[in-house]
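Chemist: One structure coming up, written as structure tokens, with questions to follow.
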Amino acid sequence: MRRIRRLLYKYSIYLQKNCGLTTSQLFCLRALQREPGLSIGQLGRRIYNKPGTITGIIDRLEAKGMVRRQRLGPDRRVVHITITSQGQNLIQKAFRPFRQLMAPQLSKLSLDEKEGITQSLEKLLFLMQEEKRFEKSGFFSGENLRVSSPEDRRSPFGETVA
């Protein structure tokens, strides 16, 4: 898990420096690439964020010319979001490191192995979606989140957590 977290951290830095994107912005673009015309609420459900958060992300992507808002039909409150060609191009650039590094490795796996990995990841994602269960458990609130010593306040990346 630590290696995955470290790679994701490095990837987020790559995204920011080379693409001018956050991971949340990339997730939105990818979801819109797969399903053009999603509403804010639908997009939020696809990437597991609240509509208020998605609105801010879409504002920033629209300002960069990556997405376009469209009102379809008589209800002007319903806004559909589509990805622009500029956004499409940026997705290609953003996923380039994964394609270059992972494609050769994944090609060595059998179809059964790839399907097994996919199924396991989908099952893990499904289990993690039960967020309300975690919130109600009390594990992630109050005393359970307090850090007791300076050694315990070190992130996996070496930074001290306040």
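Chemist: Among the listed pairs 10/50; 50/93; 10/93; 64/93, which are separated by more than 19 Å between their Cα atoms?
Modeler: 10/50; 50/93
Chemist: Same structure again: Averaging sequence separations of C-alpha pairs under 8 Å and six or more residues apart, then dividing by the length of the stretch 2-109, give the relative contact order as a whole percent. Spell out each step's value before the answer.
Modeler: Working: 101 pairs, mean separation 27.4, N = 108.
Normalised by residue count, the contact order of the stretch 2-109 is 25 percent.
Chemist: Given charges of +1 on the Cβ of Lys and Arg and -1 on the Cβ of Asp and Glu, with all other atoms neutral, how large is the dipole of the stretch 2-109 about its Cα centre, in debye to the nearest 20? It would help to have the intermediate numbers written out before the result.
Modeler: On the way: 22 positive and 4 negative charges, 101 e Å.
For the stretch 2-109, the charge dipole is close to 480 debye.
Chemist: Towards the positive end of the charge dipole of the stretch 2-109, with charges on Cβ (+1 Lys, Arg; -1 Asp, Glu), say which of 54, 22, 8 has the farthest Cα.
Modeler: Checking the options against the dipole of the stretch 2-109, the answer is 8.
Chemist: Here's another thing I want to ask about it. Assuming R0 = 41 Å, what is the FRET efficiency of residue 113 and residue 77, from their Cβ-Cβ distance, to the nearest 0.05?
Modeler: Values: r = 47 Å, r/R0 = 1.14.
So the FRET efficiency works out to roughly 0.30.
Chemist: Expressed as a whole number of Å, what is the distance separating the alpha-carbon centroids of the stretch 1-32 and the stretch 76-94?
Modeler: 17 Å
Chemist: Among the trypsin sites (Lys or Arg not before Pro) within the stretch 85-116, which fall in a DSSP loop and have no more than 13 other Cβ atoms within 10 Å of their own Cβ?
Modeler: On the way: sites: 93, 99, 108, 114; in loops: 108.
Passing both the DSSP loop test and the Cβ count: 108.
Chemist: While we're on this one: With the cut-off at 1.5 for a/c, could you classify the stretch 16-55 from its C-alpha gyration tensor as rounded, prolate or oblate?
Modeler: Values: a/c = 2.62, a/b = 1.51, b/c = 1.73.
It comes out oblate by the Cα gyration axes.
Chemist: Residue 92 to residue 70: extension gain in nm, 0.36 nm per residue of separation minus the Cα-Cα distance?
Modeler: Full-extension gain reported as 5.5 nm.
Chemist: Another question, if that's okay. Sorted from fewest to most neighbouring beta carbons within 10 Å, what does the list 29, 15, 111, 121 look like? Intermediate values should be presented prior to the final figure.
Modeler: Working: 29 23, 15 19, 111 7, 121 10.
By the 10 Å Cβ count, ascending, the order reads 111, 121, 15, 29.
Any read-out appearing in this document is the output of simple, stated calculations on the displayed coordinates, not a laboratory observation. Just so you know, these numbers come straight off a predicted model, no measurement behind them. Please note: Cβ atoms are built from the backbone with ideal geometry, for glycine as well, and neighbour counts cover all protein chains shown.
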